[in-house]
1. 7 Å from Cα along Cα→Cβ at both residue 73 and residue 193: what's the point-to-point distance in nm?
2. Sequence gap at least 6, Cα distance under 8 Å: using those rules, report the relative contact order of the stretch 1-50 to the nearest whole percent.
3. Length gain on complete extension for the stretch residue 258 to residue 160, per 0.36 nm per residue less the alpha carbon to alpha carbon distance?
4. Would you mind telling me the antiparallel percentage of the DSSP bridges in the stretch 91-216, rounded to 5?
5. Using a 1.4 Å probe, what is the accessible area per residue for the stretch 177-317, in Å²?
6. Going by accessible area, probe 1.4 Å, with all protein chains left in place, what is the ranking of 478, 52, 107, largest first?
7. Please state, to two decimals, what the Cα-based radius of gyration of the chain comes to when divided by 2.2 N^0.38 Å (N = residues).
8. In the stretch 234-293, what trypsin sites (Lys or Arg not before Pro) fall in a loop by DSSP, with at most 16 other Cβ atoms inside 10 Å?
Amino acid sequence: MSEKYEKLELEPFFKTIDELKPKFIERLSKAIAIPSVSSDESLRPKVVEMAHFLVDELTNLGFHDIQLKELGIQPPPVTDKNLKLPPIVLGKFGSDPKKKNVLIYGHYDVQPALKEDGWSYDPFKLTVDEKNGILYGRGSTDDKGPVLGWLNVIEAHNKLGWELPVNLIVCFEGMEESGSLGLDELVAKEAKNYFKDVDQCTISDNYWLGTTKPVLTYGLRGCNYYQIIVKGPGADLHSGIFGGIISEPMTDLIKVMSQLVDSQGKILIPGIDEMVAPLTEKEDKLYDNIDFSVEELNAASGSDTALHQNKKDILKHRWRYPSLSLHGIEGAFSGAGAKTVIPSKVVGKFSIRTVPNIESKKLDSLVFDHINKLFKQLNSPNDFKVELIHDGNYWVSDPFNESFQAAAKATEDVWGIVPDFTREGGSIPITLTFEKELGVDVLLLPMGRGDDGAHSINEKLDISNYINGCKTLGGFLHYYGKSEN
Ligand code: BES
Ligand code: MN
Ligand code: MN
């Protein structure tokens, strides 16, 4: 598939990226030091600080028309009723009408991280392990490394005195880890304005499947995130005084949450499986050629707890079947030791990864009906409510379009190997919106590896992935800039 492009002479660019390595690590280190956790209301000022950091970087690199788009107040459920959503950072580099216009999306918010969770390093200080060539820190791979990767590409071009082969439009958001609230509306509003002439959209916010072979990604699952609120007594109570004589919210919640999914991963909510697109023979064959194994899954999970023992089943269950995960219970006693408390209000959180052809709204009503029915069966006097916190669509594209071909060529130049074409089990809510609202192809071009530990402790990005990732991103722009339509 990559024969179509003449090999480009990108060596000077690659060499410049290598020379700038210390500067690029320094740039990442500054970004990691800002704990821009979007789900933690108290850290919202840090998310905003991160937006300003990016604005400064874009300014110094020579971007124009840089804008911070405000998205208003965060909708409920939220504790602070006046909490402002973090701004979208927009910027443009180059405006040559003869060049293609590539939209780059990335997110500058990160998942929460505490040293106490089991990190071996301070999560918000970049730790450079020179010996093993690894950069540790929250956001290193998800998604600060890749976001800065694009800026590094421009810096290398500036240093070389090379023109960028395309015009770039960047769109960085600070709410991705919390469902991209407000971004859909902004994209729709700017489709004919800021994003007017966009020809293509590239997102670097996912990972290789394993640890050695690069991939290009043409699918994502969606994610609908729910919470169940059970409220009983007016305050937390002593179980010696009230145990056995009042109705306990935790008991109700556990009962309901235990009937959403079984230990084999089977979703127990009726009607969902029926919406899943049937597997065709053609699709089934695609899984044969992908480089992956149950051992790699075990290595990435740090355990021997896989639900499926062969590659194809694992990939299908990660990419093309839905899954339901229980995430946590707010308000429950969760400290060490034994506390004889009856929590007065508990909020159970779970999410469902969605796939073609699950309809989001229909899914919501199946979920609500099932849970309301379960709660009714409990005959409980407690207050009960189930609600959607956020939803984001699944996305599947054509891996044979120009974008993927250009990216395959760049990947081959940098890594010396033809990439695998993969889908992902994770979600990037805005992907389908860009495709639909702007009418363009979207490419997922990952930087990190499958064992980077996104969302986990000791999140990392290999230095080789950071540096070669920059080369791949830049190389892609060069090949794409030469493509025909
Ligand atoms: N970078 C991830 C998306 C991702 C996850 C890609 C796993 C490939 C594999 C992104 O930052 C993310 O974590 N998204 C959230 C979205 C959710 C809050 C709607 C996710 O998937 O949990
Ligand atoms: Mn991400
Ligand atoms: Mn993430």
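1. Roughly 2.2 nm, to one decimal.
2. Once normalised by length, the contact order is 22 percent.
3. 29.4 nm
4. Bridges in the stretch 91-216 are about 35 percent antiparallel.
5. It amounts to 48 Å² per residue over the stretch 177-317.
6. I get 52, 478, 107, largest accessible area first.
7. Here the answer is 1.01, to two decimals.
8. Listed in order of number, the matching sites are 266.
The values are calculated or read from the model by the stated rules, or taken from the named source; none is laboratory data. All values derive from a computational prediction rather than experimental measurement. No Cβ is skipped: glycine too gets one built from the backbone with ideal geometry, and neighbour counts run over all protein chains shown. Accessible surface is based on the protein model in full, side chains and every heavy atom, while ligands, DNA and RNA are left aside. Shrake-Rupley method; radii C 1.70, N 1.55, O 1.52, S 1.80 Å.
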